[in-house]
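Accompanying notes for the structure given below.
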Amino acid sequence: MMLSQSHLPIIERSYPDITGTVLAFDFGEKRIGVAVGETMLKTAHAHTTISSEITGVRFTAIKKLIDEWQPSLLIVGLPTYLDGTEHTLTQLAKKFAQRLEGRFNLPVMMMDERLSSVEASQQLSNAGINAREQKSIIDAVAAQVILQSYFDSVQKT
């Protein structure tokens, strides 16, 4: 059974006219998964995981990614409970999104990320990657799921 994020709403702001490269982030307190995609192709790819709890290290790594990819838009997964209510990580992800926007002067949008890690794990399992091997890449694949959800939700032009 394949879970689908495409039914989930776009959260907060929307930038339907933006074209070009998009970076997406699956924010966590220990790791941040990163995915990249292109609005023309509407396909997301897992890229990397930033494994640090230190804010300065995280933003230095993100700056390198932004310099390399020159994105037009940043997407941040918005974690909530399954019923949509907020929890501690919800507020931290919102603060992270605000910092991205302030530091890099790029539009930032938040996407519902419920079950993105579950779907990422399922995709990796289907590809024959066991749970132990998944740990190092699951956050990047979760970011891919979030970004693909964004692409799937944007109106086709």
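The values are calculated or read from the model by the stated rules, or taken from the named source; none is laboratory data. On a predicted model such as this, the values are computed, not experimentally measured, just so you know. Reconstructed Cβ throughout: ideal geometry from the backbone, glycine too, with neighbour counts over all protein chains shown. The area values use the complete protein model at the heavy-atom level, side chains included, leaving out ligands, DNA and RNA. Shrake-Rupley method; radii C 1.70, N 1.55, O 1.52, S 1.80 Å.
Just a yes or no: is a residue in region 142-152 at negative phi, modelled with pLDDT of 75 or more, open to solvent by 60 Å² or more (accessible area, probe 1.4 Å) and out of contact with any His (no Cβ under 7 Å at 6 or more places or on another chain)? Before the answer, list the steps.
Going residue by residue through region 142-152, those that are at negative phi are 142-152.
Among the residues that remain, those that are also modelled with pLDDT of 75 or more are: 142-152.
Filter once more, keeping what is open to solvent by 60 Å² or more (accessible area, probe 1.4 Å): 152.
Add one more test, that the residue is out of contact with any His (no Cβ under 7 Å at 6 or more places or on another chain), and what stays is 152.
Within region 142-152, one or more residues are at negative phi, modelled with pLDDT of 75 or more, open to solvent by 60 Å² or more (accessible area, probe 1.4 Å) and out of contact with any His (no Cβ under 7 Å at 6 or more places or on another chain).
Quickly run through region 116-134 and pick out the residues that are closer than 17 Å to R31 by Cα and at pLDDT below 70.
Across region 116-134, the qualifying residues are S116, S117, V118, A120, S121, Q134.
If only one of L73, L65, L41, L82 is open to solvent by less than 20 Å² (accessible area, probe 1.4 Å), over 16 Å from M110 (Cα atoms) and hydrophobic (A, V, I, L, M, F, W, C), which one is it?
Numbers: L73 fails: over 16 Å from M110 (Cα atoms); L41 fails: open to solvent by less than 20 Å² (accessible area, probe 1.4 Å); L82 fails: open to solvent by less than 20 Å² (accessible area, probe 1.4 Å).
Exactly one of L73, L65, L41, L82 is open to solvent by less than 20 Å² (accessible area, probe 1.4 Å), over 16 Å from M110 (Cα atoms) and hydrophobic (A, V, I, L, M, F, W, C), namely L65.
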